[in-house]
1. Once a ≥ b ≥ c are taken as the square roots of the eigenvalues of the Cα gyration tensor of the chain, is the result rounded (a/c under 1.5), prolate (a/b larger than b/c) or oblate (a/b not larger than b/c)?
2. For region 12-18, what does the Karplus curve 6.51 cos²θ - 1.76 cosθ + 1.60, with θ = phi - 60°, yield as ³J(HN,Hα) per residue in whole Hz, taken in order and with x for Gly and Pro?
Amino acid sequence: MQQGLDITLFGMGIVFTFLLVLVICTTVMSRVITRFFPEAEPVVAPAPSAAPGAAGDERLKKIIKAAIEQHRNRRR
């Protein structure tokens with residue numbers, strides 16, 4: 001009985017130690033990566049004016065509508 005308890009505690013200790021080392025290594029690697037390789041700031045494009053985009057949106061709507069109609073006609 002004592003030997004089984006010793007083996008259980010020894011195994012749980014090894015697993016706990018491994019997980020602790022894994023968390024520490026992951027944290028250190030994360031800090032190293034973020035320090036030496038920072039993420040690039042996203043470039044925000046200016047919003048296009050409403051007039052030129054409106055014509056493009058209408059054209060896109062017509063294209064999508066035609067594609068849906070063509071798809072539905074093929075299924076018949």
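Rule-based calculations on the coordinates, nothing more; no lab input. All values derive from a computational prediction rather than experimental measurement.
1. Numbers: a/c = 8.36, a/b = 2.21, b/c = 3.78.
Oblate, because a/c is 1.5 or more while a/b does not exceed b/c.
2. 5, x, 5, 5, 4, 5, 4
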